[in-house]
Ligand SMILES: [Mg+2]
């Protein structure tokens with residue numbers, strides 16, 4: 001199986017921490033209201049959720065808190081090695097995340113990532129002012145499909161690494177879906193490989209193995225762990 005592009009979720013996959021926005025709520029002391037809004041709108045109206053969070057909870061708060069959180073986020077062990085491998089083998093990469101675009105930009109410049117999609121907090125005069133939504137919780141597959149098409153890579157030649165229920169549809173779309181430290185049984189079920197926490201660098205062996213094997217082998221739906 002030829003793999004030309006690897007798409008990554010961001011929170012919990014490239015970076016430690018499952019949910020950047022929840023951590024930002026905690027920093028601002030708005031987590032109780034934030035969780036209530038998420039429970040109401042996360043899967044029904046993501047744009048409404050983002051707008052309500054900004055208007056009711058975050059507008060006018062100091063952006064320095066957000067910027068510090070972006071800077072302090074740590075990569076999962078093995079992430080740098082995986083990107084060295086991708087560059088060595090000439091594979092392209094992308095991020096599709098509902099997390100902050102600014103964190104994806106940091107990863108893009110530090111790791112060398114071809115395309116990034118995320119949700120941008122707009123800052124004016126040092127304060128949070130608005131949000132620009134590029135990726136809705138329920139539309140990651142659609143965003144991934146557009147990246148594959150702009151990179152002119154067939155979904156069959158694309159790998160995706162995710163860790164949560166919101167990643168299921170995109171995992172179903174690609175030829176090589178991988179779950180990393182997954183919290184979702186549904187995601188594990190649709191992934192060809194499931195890696196545990198701390199096993200991120202094993203992605204290198206998976207990609208090498210898949211790229212060595214012929215197209216017939218790509219239909220074998222085995223898993224490394226259960
Ligand atoms: Mg995630």
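Numbers below:
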{"item": "For residue 44: the one exception among (1) closer than 18 Å to residue 70 by Cα; (2) in a loop (DSSP other than H, G, I, E, B)", "result": "(1)"}
{"item": "Single residue of the range 149-180 satisfying the filter (more than 17 Å from residue 93 (Cβ to Cβ), in contact (Cβ under 8 Å) with a residue 40 or more places away in the chain and under 13 Å from the mean Cα position of the chain (by Cα)) that is nearest to the ligand (Cβ to nearest atom)", "result": "164"}
{"item": "One residue from 64, 109 being surrounded by fewer than 16 Cβ atoms within 10 Å (Cβ to Cβ), over 22 Å from residue 197 (Cβ atoms) and either in contact (Cβ under 8 Å) with a residue 60 or more places away in the chain or within 16 Å of the ligand (Cβ to nearest atom) (or both)", "result": "64"}
{"item": "Subset of the range 51-60 [farther than 10 Å from residue 37 by Cβ and buried (at least 19 other Cβ atoms within 10 Å of the Cβ)]", "result": "58"}
{"item": "The range 1-28, subset touching a residue at least 40 places away in the same chain (Cβ under 8 Å) and farther than 30 Å from residue 151 by Cα, residue farthest from the ligand (Cβ to nearest atom)", "result": "27"}
{"item": "Restricting the range 29-50 to residues that are in contact (Cβ under 8 Å) with a residue 12 or more places away in the chain and surrounded by fewer than 17 Cβ atoms within 10 Å (Cβ to Cβ), the residue that is farthest from the ligand (Cβ to nearest atom)", "result": "33"}
{"item": "Residue within the range 14-24 that is crowded, with 17+ Cβ neighbours inside 10 Å and more than 14 Å from residue 103 (Cα to Cα) present", "result": "no"}
{"item": "The lone exception for residue 17 - which of (1) in a helix (DSSP H, G or I); (2) over 30 Å from residue 152 (Cβ atoms) it fails", "result": "(1)"}
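Yes or no, residue by residue, for (1) assigned to a loop (DSSP other than H, G, I, E, B); (2) within 14 Å of the ligand (Cβ to nearest atom):
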| site | (1), (2) |
| --- | --- |
| 95 | no, yes |
| 98 | no, yes |
| 102 | no, no |
| 120 | no, no |
| 137 | yes, yes |
| 141 | no, no |
| 145 | no, no |
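Quick note: the coordinates plus some simple rules give every number you see, no bench work behind them. These numbers were taken from a predicted model, which means no experiment stands behind them. FYI the Cβ positions are ideal-geometry reconstructions off the backbone, even for glycines, and counts take in every protein chain you see.
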